[in-house]
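Some notes on the structure that comes next.
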Amino acid sequence: MRRKGFSHVVINTAHADTLGGFFTALGWQLQTEALDDASAAFWGNTDAHGALHRWRLPDGGSEVILLPTSFEEPLLRPEACPVATPGGIFDINMRTDDSDWACGFLAAHGWRELVSPVAWHFGEV
């Protein structure tokens, strides 16, 4: 992790098109690549099928990789699982000029936050 935050995020998803609409609206650029068996195994997604979606900020400073998975793939953490410590390494920190719009877009597509979003300014305490 660099001082300015994470530069790469990898998400296993059966909803790459829905998430892709979000990144398109934010102005990110899509690069579609074939997903080979070695890459799928590296990310622990041996049931992967389809194309890898690599979304990049126009300045190239950050990227999100959406790895395809089937709708039958079990969740890594059940939705009903209690969360002992909100936040932490599995938060997705993203850059956006309008966090209210971003949260609204995600909520309209089924995302449910565990805790309220917090605007973070790197370097501040």
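For N12, all conditions in the list (1) modelled with pLDDT of 80 or more; (2) part of a strand (DSSP E or B) hold save one; what is the number of the exception?
Status for N12: all satisfied but (1).
Go through (1) at pLDDT 70 or above; (2) of a type outside the set (G, A, S); (3) out of contact with any Ser or Thr (no Cβ under 8 Å at 6 or more places or on another chain) and name the single condition T69 misses.
Every listed condition holds for T69 apart from (3).
Just to be sure before I move on: is E63 at pLDDT 80 or above and charged (D, E, K, R) in the structure I sent?
Working: at pLDDT 80 or above: yes; charged (D, E, K, R): yes.
Against the criterion (at pLDDT 80 or above and charged (D, E, K, R)), E63 qualifies.
G5: modelled with pLDDT of 80 or more and closer than 23 Å to W101 by Cβ, yes or no? First the steps, then the outcome.
Details: modelled with pLDDT of 80 or more: no; closer than 23 Å to W101 by Cβ: yes.
For G5, the condition - modelled with pLDDT of 80 or more and closer than 23 Å to W101 by Cβ - is not met.
Being hydroxyl-bearing (S, T, Y) and modelled with pLDDT of 85 or more is the filter here, so list the residues in the range 15-31 that pass it.
Step one: of the range 15-31, the residues hydroxyl-bearing (S, T, Y) are 18, 24.
Answer for the range 15-31, where residues must be hydroxyl-bearing (S, T, Y) and modelled with pLDDT of 85 or more: just T24.
Just to be sure before I move on: is A40 at pLDDT below 80, surrounded by 12 or more Cβ atoms within 10 Å (Cβ to Cβ) and not in a loop (DSSP other than H, G, I, E, B) in the structure I sent? Before the answer, list the steps.
Numbers: at pLDDT below 80: yes; surrounded by 12 or more Cβ atoms within 10 Å (Cβ to Cβ): yes; not in a loop (DSSP other than H, G, I, E, B): yes.
So A40 fits the description; yes.
The values are calculated or read from the model by the stated rules, or taken from the named source; none is laboratory data. Everything numeric in this text was worked out from a predicted model, so none of it was measured. Backbone-built Cβ (ideal geometry, glycine too); neighbour counts: all protein chains shown.
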